[in-house]
1. Applying the selection to region 73-88, what residues are surrounded by 12 or more Cβ atoms within 10 Å (Cβ to Cβ) and either touching a Leu at 6+ places or on another chain (Cβ under 8 Å) or in a helix (DSSP H, G or I) (or both)?
2. Residues being within 16 Å of the ligand (Cβ to nearest atom), at positive phi and assigned to a loop (DSSP other than H, G, I, E, B): count how many of those fall in region 1-58.
3. Kindly provide the set of residues from region 45-63 that are touching a helix residue (DSSP H, G or I) at 6+ places or on another chain (Cβ under 7 Å), of a type in the set (A, V, I, L, M, F, W, C) and more than 17 Å from G78 (Cα to Cα), ordered by number.
4. Against the condition in a strand (DSSP E or B) and loosely packed, with under 11 Cβ neighbours inside 10 Å, how does N66 come out, does it pass?
5. Return a yes/no flag: does region 69-87 have any residue that is out of contact with any helix residue (DSSP H, G or I) (no Cβ under 6 Å at 6 or more places or on another chain) and away from the ligand (no atom under 16 Å from the Cβ).
6. Here are some residues: T30, T36, T45, T51. Which one is out of contact with any strand residue (DSSP E or B) (no Cβ under 7 Å at 6 or more places or on another chain) and either within 30 Å of A99 (Cα to Cα) or surrounded by 10 or more Cβ atoms within 10 Å (Cβ to Cβ) (or both)?
Amino acid sequence: FNELQGWSKPLQEYRNPELEQVANTLGNWTVKPAGTEGYRTAEVTLGGVDTRQLSSKTMAVLNRPNLYFIGEVVDVTGHLGGHNFQWAWASGVAAGNSA
Ligand SMILES: Cc1cc2nc3c(=O)[nH]c(=O)nc-3n(C[C@H](O)[C@H](O)[C@H](O)COP(=O)(O)OP(=O)(O)OC[C@H]3O[C@@H](n4cnc5c(N)ncnc54)[C@H](O)[C@@H]3O)c2cc1C
């Protein structure tokens, strides 16, 4: 990336306008994914049950009080790192307590 931009000098040789240009270039740098690895490495699905049809307190379907949806089958997802586990467990507890 440095070679592509022509940023080859030692840092102390850059003057402020040049540094601002470097900062602007980096700040506006966009990464466009070329694709995904598909289901082989997929970790979460955003299941398909619309949250608008569920009670956020009990996870029960609004007009079917004894029917509950929790976890990954619900249209909720988070970045990798535990948010999906947390959602599955927390929504499960809410539904379990209500049931
Ligand atoms: C490889 C991988 C890595 C992941 N890593 C992370 C991570 O690091 N952090 C994170 O937060 N999330 C991670 N996730 C996502 C996380 O595991 C899920 O979002 C979470 O486990 C969903 O919990 P759940 O109880 O909703 O569904 P699931 O855990 O999928 O449970 C559904 C259960 O229902 C059972 N079942 C299905 N059909 C039937 C049937 N007809 N009758 C009876 N039982 C049935 C299944 O066997 C399964 O045991 C990962 C997922 C994968 C695949």
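Coordinate-derived values only; no laboratory data. As the structure is a computational prediction, the values presented were derived from the model and not from experiment. Cβ atoms come from the backbone with ideal geometry, glycine included; neighbour counts cover every protein chain shown.
1. Scanning region 73-88 gives V73, V74, D75, V76, T77, H83, N84, F85, W87, A88.
2. Total meeting the criteria: 2.
3. Across region 45-63, the qualifying residues are M59, A60, V61, L62.
4. yes
5. For region 69-87, residues out of contact with any helix residue (DSSP H, G or I) (no Cβ under 6 Å at 6 or more places or on another chain) and away from the ligand (no atom under 16 Å from the Cβ): absent.
6. So the residue among T30, T36, T45, T51 that is out of contact with any strand residue (DSSP E or B) (no Cβ under 7 Å at 6 or more places or on another chain) and either within 30 Å of A99 (Cα to Cα) or surrounded by 10 or more Cβ atoms within 10 Å (Cβ to Cβ) (or both) is T45.
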